[in-house]
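Here the structure comes first, spelled out in structure tokens, and everything after it is commentary.
Any read-out appearing in this document is the output of simple, stated calculations on the displayed coordinates, not a laboratory observation. As the structure is a prediction and not an experimental result, all values here were calculated from the model. Using ideal geometry, Cβ is built from the backbone for each residue, glycine included, and neighbour counts are taken over all protein chains shown.
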Ligand SMILES: Nc1ncnc2c1ncn2[C@@H]1O[C@H](COP(=O)(O)OP(=O)(O)O)[C@@H](O)[C@H]1O
Ligand SMILES: [Mg+2]
């Protein structure tokens with residue numbers, strides 16, 4: 001694979017929802033997009049514009065009605081279910097608005113889960129979990145349950161969990177949607193900092209302009225189409241939340 005090959009690419013992707021008794025709805029309309037290694041991107045747009053639909057397609061959680069998605073240079077439509085599940089697991093980490101942590105597992109066990117699924121040996125698992133909990137400043141909460149944590153701490157657990165498989169891409173759908181402004185600022189700083197340090201591509205899906213300010217590329221969507229796609233060299237540092 002060449003240096004400039006995108007990690008993720010959409011070619012003329014459309015997504016139509018067909019609900020019973022309703023007219024078909026075109027949520028994404030001919031979207032083409034190239035995303036390179038290490039990019040820090042936000043996808044913005046008003047509610048209903050198609051952001052989550054695009055996020056699900058970018059994350060290969062859903063398939064387009066037409067068009068093609070290339071994950072790491074490979075056409076997703078040509079992969080079997082198993083190949084796709086493996087490629088997704090090895091390439092993409094997800095962070096969601098609602099944290100999606102397992103309530104009965106400890107912080108450590110939540111972060112360990114993706115490694116258990118991959119049969120990583122116990123010693124290595126331990127090291128990876130500790131390193132990732134340390135990176136988000138939660139070593140002292142290892143044995144807590146999610147219910148004992150603040151929203152910001154829960155989201156930091158979710159970030160650690162998303163990163164244990166060393167994904168090339170981190171997709172975050174409204175990651176600060178359930179957080180106060182102080183925790184939001186912290187979470188954005190954690191994610192952008194880790195992205196720069198690890199060279200991971202980060203895609204925020206958000207309607208929060210303060211997140212968009214922190215990214216190098218802002219893709220704005222409206223009625224399922226890309227309205228603008230702007231890159232900038234310098235990113236404004238936010239002073240106050
Ligand atoms: N499963 C679905 N079935 C029918 N319509 C849907 C479905 N999911 C989303 N939509 C519609 O597609 C449009 C885009 O939705 P979505 O991608 O969730 O937007 P956003 O995340 O920007 O708010 C909305 O009008 C929504 O009602
Ligand atoms: Mg949404």
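Quick notes on this structure:
- Rg over Rh [alpha-carbon atoms, Kirkwood Rh] for region 47-182: 1.00
- Cα-based radius of gyration of the chain once divided by 2.2 N^0.38 Å, which approximates compact folds: 1.01
- Rounded if a/c under 1.5, otherwise prolate or oblate - region 1-111, Cα gyration tensor axes: oblate
- Considering only the chain, percent of DSSP beta bridges that pair antiparallel, nearest 5: 55 percent
- Ranked by how many other beta carbons lie within 10 Å on average, peptides 18-24, 171-177 from highest: 171-177, 18-24
- Inverse of mean 1/r across different Cα pairs in region 107-241, Kirkwood, Å: 16.0 Å
- Here the sum of -39500 (n - 2.57) over DSSP H runs of 4 or more residues, divided by the residues of the chain, equals -10000 deg cm²/dmol at 222 nm, to the nearest 500.
- Contour minus Cα-Cα distance for residue 222 and residue 36 (0.36 nm per residue): 64.7 nm
- Residue 11 versus residue 63: modelled label distance in nm, points set 7 Å from Cα along the beta carbon direction: 1.7 nm
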